Amino acid sequence: MAFDYPGKNRAYEAALSRTKECLSADDRENGLLFLEKAISLSDELRVNAAIAEFQARFAKENASLRKIKALLEEGKNPFLKKTQAVDGAPTSKDEEKKEGDSVTGFFSNEPPKTTLDDVAGLEAVKEQIRINVLLPLKDPELFYRYKSDAGARICMYGPPGCGKSFVAEAIAGELKCHYAVILVPDILDKYVGEAPKRIKAIFEEAEKYENVLLFFDEIDAMCSSRDSDESTHTKDILTTFLTCMSGFKPKGKSLKVIIGATNRPWALDSALIRGQRLDTAIYVGLPDEKARQFFVDKEFAKHKEAYEGSDLTKEYCVEALDGFSGADIKTIFEQAATRTLRRVLDDKLPKGQYYKIAKADFDAALKAHHNPVTAESLLRYAAFEKGMPQ
Ligand SMILES: Nc1ncnc2c1ncn2[C@@H]1O[C@H](COP(=O)(O)OP(=O)(O)OP(=O)(O)O)[C@@H](O)[C@H]1O
Ligand SMILES: [Mg+2]
């Protein structure tokens, strides 16, 4: 029977909303049930999605839901007010007020577990971070001998799925600092007319922490319509953002890291990426051979027995995955594994007998995968990098 995409999608939305409802009321038992349902549905929707955009969306949502599940398993409920979620202490009046402003909600209670060692390639970003952010913490004597301000203001740009959000998370993981992810289009949609106030509040909240990382994703959303007629609102947002950013500086030896990310760097207002603002623009492109080797090694190590002795070799994968983003590479391996699993189930192998993930499984997954990164888009990024008009 054909996969009922709209039906599954409705079931998924319903499971999401029930999860939220239950967890907000601290009904963990039912919350977890609905959450597990949402996780499995998002997986099904991802596997059966015909377009890569949807695959990426459900992969992303699935990852966030799994994070929530991990938190619940650690006894934390991210849907409850901050302090209670962390240590069971009651929330103070002040914190309740802040929650009401929906600003503290952007900040994670806990640094992510990801570190720079989990990131394939992206050497330019890592280098910036190692020198300007990690060194001042590790060896302040050396750092401040040469430089006066620690921290970084980076704008990452490039095709989807190449690790912009992931590396930001890894930086927060390295710093073990407070970390806020602000999806700019969300702020614009959710707080129509209020967005500048929200942005200001986010920076004010960030000022309270000694070391903090603000990650503004899809940052082009606050710039793109600046020249159009209905742009007053967007203009206000950008102006507020720029003003806040100018004041967001390390004091003493604290660390303030601000990262913006976009797929459309050409849409950015030049004021955003000049000196003192997001002054370091870094292209985050498709993984090179070394980075692909990293993904392949990781995958083969993770499912050692499934690959050992297979006709699928690492060398072949590294070569065949040229032109795919990190996110796509992960999806292709996942799809190949699903194909092998299906074969095991279809052939009703006796318990204890398995198939290897074969070259044919991998090739079929590769062939079925639509690559969202086109040659045309890569040319556009290359032209932007060279400062050519768009
Ligand atoms: N360089 C990389 N190293 C390790 N994992 C990566 C890398 N690039 C992508 N991934 C994997 O792919 C997933 C998606 O990548 P991510 O969301 O960071 O891409 P992005 O560049 O932010 O894409 P978008 O432009 O769509 O927001 C990550 O969660 C990670 O699992
Ligand atoms: Mg991203």
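The values are calculated or read from the model by the stated rules, or taken from the named source; none is laboratory data. Here the structure is a predicted model, which means the values were calculated and not measured. Ideal geometry is used to build each Cβ from the backbone, glycine not excepted, and the neighbour counts take in all protein chains shown.
Laid out as a table, the results:
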| read-out | value |
| --- | --- |
| Selected residue [modelled with pLDDT under 80 and more than 16 Å from ligand 2 (Cβ to nearest atom)] from Lys97, Lys76 | Lys97 |
| Residue within region 137-146 that is in a helix (DSSP H, G or I), under 30 Å from Ala375 (Cβ atoms) and more than 15 Å from ligand 2 (Cβ to nearest atom) present | no |
| Among residues of region 119-151, those that are under 25 Å from Ala271 (Cβ atoms) and buried (at least 21 other Cβ atoms within 10 Å of the Cβ), counted | 4 |
| Lone unmet requirement of (1) within 16 Å of ligand 2 (Cβ to nearest atom); (2) surrounded by fewer than 20 Cβ atoms within 10 Å (Cβ to Cβ) for Ala180 | (2) |
| The listed residue being assigned by TED's automatic domain parsing to the domain that holds Phe166, at pLDDT 85 or above and in contact with a Leu (Cβ under 6 Å, 6 or more places away or on another chain), out of Ala267, Ala206 | Ala206 |
| Flag if Ala63 is at pLDDT below 85 and part of a helix (DSSP H, G or I) | no |
| Single residue of region 282-310 satisfying the filter (over 18 Å from Gly326 (Cβ atoms) and either among the hydroxyl-bearing types (Ser, Thr, Tyr) or in the same structural domain as Asp118 (by TED's automatic domain parsing) (or both)) that is surrounded by the fewest Cβ atoms within 10 Å (Cβ to Cβ) | Ser310 |
| Any hit, region 105-117, residues being under 30 Å from Leu379 (Cβ atoms) and modelled with pLDDT of 85 or more | yes |
| Residue match in region 152-165 (condition: away from ligand 2 (no atom under 16 Å from the Cβ), of a type in the set (S, T, N, Q) and crowded, with 16+ Cβ neighbours inside 10 Å) | no |
| Only listed residue being at pLDDT 95 or above and of a type in the set (Val, Ile, Thr), chosen from Thr374, Thr340 | Thr340 |
| Only one of Ile329, Ile282 that is in contact with a helix residue (DSSP H, G or I) (Cβ under 7 Å, 6 or more places away or on another chain), closer than 30 Å to Val133 by Cα and touching a residue at least 60 places away in the same chain (Cβ under 8 Å) | Ile282 |
| Residues that are farther than 19 Å from Asp43 by Cβ, assigned to a helix (DSSP H, G or I) and in contact with a Lys or Arg (Cβ under 9 Å, 6 or more places away or on another chain), drawn from region 337-363 | Ala360, Phe362 |
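One line per residue, one yes/no per condition, for (1) within 15 Å of ligand 1 (Cβ to nearest atom); (2) modelled with pLDDT under 85; (3) closer than 24 Å to Thr374 by Cβ:
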residue: Thr19; (1), (2), (3): no, no, no
residue: Arg28; (1), (2), (3): no, no, no
residue: Leu32; (1), (2), (3): no, no, no
residue: Leu35; (1), (2), (3): no, no, no
residue: Ile39; (1), (2), (3): no, no, no
residue: Glu44; (1), (2), (3): no, no, no
residue: Ala50; (1), (2), (3): no, yes, yes
residue: Phe54; (1), (2), (3): yes, yes, yes
residue: Phe58; (1), (2), (3): yes, no, yes
